[in-house]
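To keep things clear, I will list the structure first and then write my remarks on it.
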Amino acid sequence: MQLNDHLRVHYTRQHLIVTNRGPREEGYTYCTKCGLIEPTALPKGVVGAAHRKPYPDSHDPNCPGGGATKGLVLGTDFITDVLLISISVDPPLTLTPGLLATDVALRTISEALTKAACARLELEANELQAEYRPALTAAGRDGREAEIYLYDTLPGGAGFAPRVGRLGLSVFEEALQILENCPENCDRSCYRCLRSYKNKFEHDLLDRYIGASLLRFALTGTTPTLDAGRLERSTDLLFQDIERQGIEGLSLARNKVVSVPGLGQVVAPILAVNRLGEFVVGLHGALTPDTPSDNGLRDMKEYSVAIPVILVDELVVRRNLPNATANLIERLRASLREVT
């Protein structure tokens with residue numbers, strides 16, 4: 001059923017395989033002699049050496065070890081009700097498979113949809129679950145379509161997934177409200193909006209701002225933009241980190257007004273200047289690579305060659321600031337070499 005230009009839902013009953021890869025996706029270590037199992041990621045695991053058996057044994061309570069299998073993935077399979085949700089996007093937005101931004105956006109929307117659906121149907125939080133994948137189409141391979149599948153956790157299904165589908169756009173609108181209106185106004189996610197014990201291994205992938213930008217686009221067609229407050233905080237982080245590098249001959253300024261021929265005055269989030277020229281540094285949204293979040297910078301990048309515009313991924317600034325700074329410095333140096 002087509003809900004709008006970007007959202008489509010389809011109900012089915014599928015044979016699902018659910019796996020558990022453990023912390024950091026390193027799997028589990030399993031003792032083939034006694035059955036003791038633990039996450040492989042544990043820094044001080046006991047399964048590989050002699051250990052206590054995980055069950056009472058009056059004859060010999062200890063296992064000699066030596067039978068450990070590492071990297072084991074746990075799993076089960078069952079038939080259940082599934083609601084397949086297709087999200088299609090248009091440039092400049094992209095959902096390229098395997099990118100961190102794509103995983104963050106789809107994981108966040110999956111959790112928000114599950115929470116909204118359980119609230120509407122008055123279900124326990126563990127009765128519905130959602131996962132995501134690239135769409136199995138050419139558009140999915142090109143980053144123009146992705147799929148979220150919402151399913152009943154009860155083997156055999158309980159009919160919850162098709163009921164969610166019949167709610168139409170309203171459940172997506174409520175999911176957007178969850179993302180946009182955190183009671184704590186958190187910076188990424190917290191236990192008041194998205195986090196729970198159930199998704200504890202996914203907390204690092206939950207970012208309500210990125211999820212909201214994609215879901216808002218799917219509902220209204222609005223091009224994703226960064227929240228103004230978060231954009232300022234992220235730009236401050238990048239600016240301060242570049243300043244700490246103490247690069248000789250490079251001066252930096254925040255929110256500097258520059259005059260651009262043909263465009264007038266434009267506010268540069270970060271203006272980098274040395275004896276060979278000046279460069280404007282700004283951030284782009286995680287889902288809109290190479291597209292400035294600011295309209296003035298967008299026009300400047302597209303129409304002006306007088307002052308180069310260099311863009312940095314806001315998500316990388318948040319998650320890996322040293323890498324973002326190092327890449328920016330290298331791009332500045334490369335641009336300066338081109339000038340000379």
Could you please tell me which pairs satisfy a Cβ distance under 7 Å, a separation of 6+ or placement on different chains, a first residue in region 303-317 that is modelled with pLDDT of 80 or more, and a second residue that is among the charged types (D, E, K, R) and part of a loop (DSSP other than H, G, I, E, B)?
-> 311/290
Residue pairs meeting the criteria (Cβ under 8 Å; at least 6 apart or on separate chains; first free of Cβ contacts under 8 Å to residues at least 60 places away in the same chain and outside any strand (DSSP E or B), in region 1-28; second buried (at least 16 other Cβ atoms within 10 Å of the Cβ) and small (Gly, Ala, Ser)) | 21/27
Residue hits (region 200-247; among the aromatic types (Phe, Trp, Tyr) and out of contact with any helix residue (DSSP H, G or I) (no Cβ under 7 Å at 6 or more places or on another chain)) are 217, 239
Determine the pairs where a residue that is in contact (Cβ under 8 Å) with a residue 40 or more places away in the chain and buried (at least 23 other Cβ atoms within 10 Å of the Cβ), located within region 269-280, has a partner that is in a strand (DSSP E or B) and not acidic (Asp, Glu) with Cβ atoms under 9 Å apart, the partner being 6 or more residues away or on another chain.
-> 272/251; 272/252; 272/253; 272/279; 272/280; 272/281; 272/310
How many of the residues making up region 217-232 are without any contact (Cβ under 8 Å) to a residue 24 or more places away in the chain and farther than 11 Å from residue 6 by Cα?
-> 5
Answer yes or no as to whether residue 104 is buried (at least 16 other Cβ atoms within 10 Å of the Cβ) and part of a loop (DSSP other than H, G, I, E, B).
-> no
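The values are calculated or read from the model by the stated rules, or taken from the named source; none is laboratory data. Everything quoted here is computed from the prediction, not taken from an experiment. Positions of Cβ are backbone-derived with ideal geometry, glycine not excepted, and every protein chain shown enters the neighbour counts.
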